[in-house]
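See structure below.
No lab work stands behind these numbers, since they all come straight from the coordinates. Only a predicted model underlies this, so the values are computations on that prediction, with no experimental measurement involved. Note that we place each Cβ from the backbone using ideal geometry, even for glycine, and neighbour counts take in every protein chain shown.
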Amino acid sequence: MTNTEREVIKIPDKDKNLSPGKLFYNWFAANIGIMGFVYGAIIVSYHLSFLQSILAALFGSLTFVIPGWVAMIGQREGVTTFKLSRAAYGTHGNKIPNFMAWFNMVGWLSVNVITGTLLFSSMLKTINIPKNNLTTGICLIAFAGLVIASGIFKEDILVKIQTWLSWVFGILTLIMLIMFLYNANWSEALSMKSGNWLTGWLPSIAFIAAGSSISWSMAAADWGAYVRPNTKPSATFWNTTLGAASPLFILMVGGILLSTITPSLATSSNPYDVMYAVIPSWFGFVYFLVAAGGLIPQCLISFRSARINLSTIGIKVSQKVSLTIHGLLILLISIYVLFISGDFLSNFELFLNFLGICLASWVAIFLVDSILYRKKGYDVKLMSEGSDTHYNWGGIISWVIATIFGFLFTSNGNYKGIFACGIFKNNSSLAVFISAIAAIVVMFVFSLFKKKGNENAKS
């Protein structure tokens, strides 16, 4: 029997065991991480007023309607994300964005493992264990080991773990938030001067979207496909959207206020040490435990979707081999950043900027394709490896053009696009919006030519 014949496109009903509530906890746990505080401080670094910062946090969080929409499609079809994507790009054409999504998940895994390692090693300092290369290496092996071990669990077990983590780290993070709010300089926050809505407020939203909702869109249908068949699509949409958006918004508000007493939070190479200085010393060990523990749910989702994406690309390996491949990649990237490069924040920003552009155009094309051509549902044949449609040129060309447009408008420490001037000069995050808008425009142009071609064929 061939790989194509063995491939399962639609998830069997017997495996669809996620309720809307479990879906909410899954996304809540994935966004309860303490990095939300840092995002809040980054919003303030765009020189915005308190009201503008709060609105940026709100609208940035609400961009989770994108993964909510993708999850709803996944539930309706009972198909994971990049099998659905084959319809928009063709079975072979889909492998390029599929690879980008896999790279995104492995990248985020590495970012979280690096962050977790730094937090674990800082936690040891609170109990008088010195921080050096040896202890950092031990922390890396311990944290990465926890993540890799999660690969043996199935969806229902992972969701149960996510639910418990939501409660435990949610409550502890709330305690930390109260501490930050208590110590915040409210008068300074309320007196922050207004910034430019176009060159400050809008780019801050784009940054949040690139670092959260757009990246998580890659995993949304991977969970939506496992929702119980009798669940209302709107329940899947809202539990995904609000499950992710609500904790992120609250944490970013905390970060906005925290930046009034620690302005260096947004630019620090180790923001967790900056936050640690704000809390009482007796809470130090718990602080680092919460910060590290809050990363674990994000790692569980990323690791699971990375394995699914690798399989969808066409690389068929056993679970053991998959765990080994991903484990080695995560460790190698982490070792490079922790022990060779040493510049975590700059690498993180470049990573977000690059993938944000590529993935914004992908998800825009995916959703426009669903609106234009899949109103009556997806054709299973188009999503099968044996499909005759190897390349859907409308989707492929749209993605290439939109991604190029995004890079033409972006600017960072290593690269500057030819159109990165004016409002784009110091706002590379705006390129994420440009990429998505270009994708939508090109897709609609292709649909007009396709419609005209069909009319000519009939006449």
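Remarks
- Distant-in-sequence amide H partners of Gly195 (H built 1.01 Å from N, under 5 Å): Ser49
- Listed peptides 226-236, 364-374, 138-148, 20-30 appear in the order 20-30, 364-374, 138-148, 226-236 once ranked by packing, highest mean of other Cβ atoms within 10 Å at the front.
- Sequence-separation-based contact order of region 31-154, relative, with Cα cut under 8 Å and 6+ spacing, percent: 12 percent
- Nitroxide proxy distance, nm - points 7 Å out along Cα→Cβ at Ile127 and Trp197: 5.2 nm
- Cross-link reach is defined here as a Cα-Cα straight distance under 16 Å, omitting same-chain residues fewer than 8 places apart; for Lys450 the lysines meeting it are Lys458.
- Karplus-derived HN-Hα couplings along region 243-260 (A = 6.51, B = -1.76, C = 1.60, θ = phi - 60°), whole Hz, x at Gly and Pro: x, 8, 6, 5, x, 5, 4, 4, 5, 5, 4, x, x, 4, 6, 5, 5, 6
- Sequence-separation-based contact order of the chain, relative, with Cα cut under 8 Å and 6+ spacing, percent: 33 percent
- Lys416-Lys14 FRET efficiency (beta carbon distance; Förster radius 56 Å; 0.05 resolution): 0.60
- Using θ = phi - 60° and Karplus 6.51 cos²θ - 1.76 cosθ + 1.60, couplings along region 332-338 (whole Hz; Gly, Pro as x): 5, 4, 5, 4, 4, 5, 6
- Exceeding the 30 Å Cα-Cα cut-off - candidates Lys95/Lys416; Lys125/Lys193; Lys83/Lys320: Lys125/Lys193
- Computed packing ranks the peptides 250-258, 381-389, 124-132, 42-50 as 250-258, 42-50, 381-389, 124-132, most packed first, by mean other Cβ atoms within 10 Å.
- Ordering 96-104, 298-306 by mean Cβ neighbour count within 10 Å, with the highest value first, yields 298-306, 96-104.
- Under-5 Å amide H pairs with Tyr46, H placed in peptide plane, nonlocal only: none
- Each residue of region 371-380 was assigned a 3J(HN,Hα) from its phi angle through the Karplus expression (A = 6.51, B = -1.76, C = 1.60, θ = phi - 60°), giving 5, 6, 10, 10, 4, 9, x, 8, 6, 4 Hz with x at Gly and Pro.
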